[in-house]
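See structure below.
The values are calculated or read from the model by the stated rules, or taken from the named source; none is laboratory data. Note that the coordinates shown come from a computational prediction; the quantities given were computed from them, not determined experimentally. All Cβ positions, even for glycine, are placed from backbone atoms using ideal geometry, and neighbour counts span all protein chains on display.
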């Protein structure tokens, strides 16, 4: 993300932004170091760990654009990130690398950069920064997608069917053993 923000400011001339980084973890010291080396620390606020309520009501509620800067790799390409759903529920447009599961989840609620191309990521950010109507449209699309297709109530029949398929052979063996006894 730091490299994309550096490109956004230095290559694309967008200096009027603040990126809020929420969370902590083993990589945080290296990210802070990279932000310092790239001279973008004035554009980043590292808030650390915050409660779920703060994430939604304090940070997502005030964000203009949300990002999912996870690079393409075997794990990320097959993972659905909860934050994508949270962004969509909060009606926020998303900029992300074009990963299969992210595209499946967000569809038109995200702007997709070529995988691992930080300059393209910066360009997608810049385009959304300049287009308030597009941000609103993408945010609304994301919220509707959550409500119509991705909320838990839509998953219940599929989950119950999967549990039934997995447990059926075991139930049938138990019934068969009981009948033969």
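Structure notes:
- For region 36-45, the criterion of a residue being closer than 29 Å to residue 131 by Cα, in contact (Cβ under 8 Å) with a residue 60 or more places away in the chain and in contact with a helix residue (DSSP H, G or I) (Cβ under 9 Å, 6 or more places away or on another chain) is satisfied by no position.
- Checked against (1) in contact with a strand residue (DSSP E or B) (Cβ under 8 Å, 6 or more places away or on another chain); (2) buried (at least 17 other Cβ atoms within 10 Å of the Cβ); (3) not in a helix (DSSP H, G or I), residue 91 meets all criteria but (1).
- Qualifying residue in region 22-39 (condition: closer than 22 Å to residue 110 by Cβ and buried (at least 16 other Cβ atoms within 10 Å of the Cβ)): yes
- As a summary of the residue check, residue 134 satisfies the conditions (1) within 27 Å of residue 23 (Cα to Cα); (2) touching a helix residue (DSSP H, G or I) at 6+ places or on another chain (Cβ under 7 Å) except for the one numbered (1).
- As a summary of the residue check, residue 123 satisfies the conditions (1) in contact with a helix residue (DSSP H, G or I) (Cβ under 7 Å, 6 or more places away or on another chain); (2) touching a residue at least 60 places away in the same chain (Cβ under 8 Å); (3) within 24 Å of residue 9 (Cα to Cα) except for the one numbered (1).
- Hits in region 137-169 - residues which are loosely packed, with under 11 Cβ neighbours inside 10 Å, modelled with pLDDT of 80 or more and under 19 Å from residue 91 (Cβ atoms): 148
- Hits in region 110-139 - residues which are over 26 Å from residue 73 (Cβ atoms), more than 16 Å from the chain's Cα centre (by Cα) and part of a helix (DSSP H, G or I): 129, 132, 133, 134, 136, 137
- Of all residues making up region 14-42, the number that are over 23 Å from the mean Cα position of the chain (by Cα) and under 25 Å from residue 53 (Cβ atoms): 0
- When region 70-85 is limited to residues that are buried (at least 16 other Cβ atoms within 10 Å of the Cβ) and under 18 Å from residue 24 (Cβ atoms), the one that is modelled with the lowest pLDDT turns out to be 81.
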